[in-house]
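Note sheet for the following structure.
No lab work stands behind these numbers, since they all come straight from the coordinates. Model, not experiment: these values are computed from the prediction. With ideal geometry, Cβ positions are generated from the backbone for all residues, glycine too; neighbour counts draw on all protein chains shown.
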Amino acid sequence: MYNRILVPVDGSDHSRRALEAAANLIRNLKNVPDLAVLHVNPSISINEPPVGVDLEEHIREEGKKILVPATASLAKMGIDFETYTKTGDPASVICKTAEEQHADLIIMGSRGIGLMSELLIGSVSHSVVQHAHCPVMIVR
């Protein structure tokens, strides 16, 4: 049914649970799909660059640190996976990566934003649900 699953991770409990849900799904399917784990470093635009700090390098290093626990838990479970780190608007990058990777399913966490907050500012998971080319499973 699924050939490739994309799981975006951001280090939150919600994304950890999404990764666990993906691992459980993979273990229970006869046809084992490929798993792609994605971390998106958000684009930051600042008027004045910080002096003496390579902000982009710092953000890349933080992204690597976020992937370490995810990859460790998957390796411990014996699940094969690939990791990707990209930079940009998280919702857009997730949708674009899902298309590029020919993902059949995106499994991601929800931050549980309330209705008023979602109406005013939206959320990454809401935007992915609206724009993804494939089904999206939201894990709480």
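Once R0 is set to 35 Å, what does the formula 1/(1 + (r/R0)^6) return for the Cβ-Cβ distance between Lys96 and Lys76, expressed as a FRET efficiency to the nearest 0.05? Don't skip to the end; give the middle numbers.
Numbers: r = 30 Å, r/R0 = 0.86.
That gives a FRET efficiency of 0.70.
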Problem - Long-range amide H partners of Gly88 with built H, under 5 Å - result: Asn41, Ser43
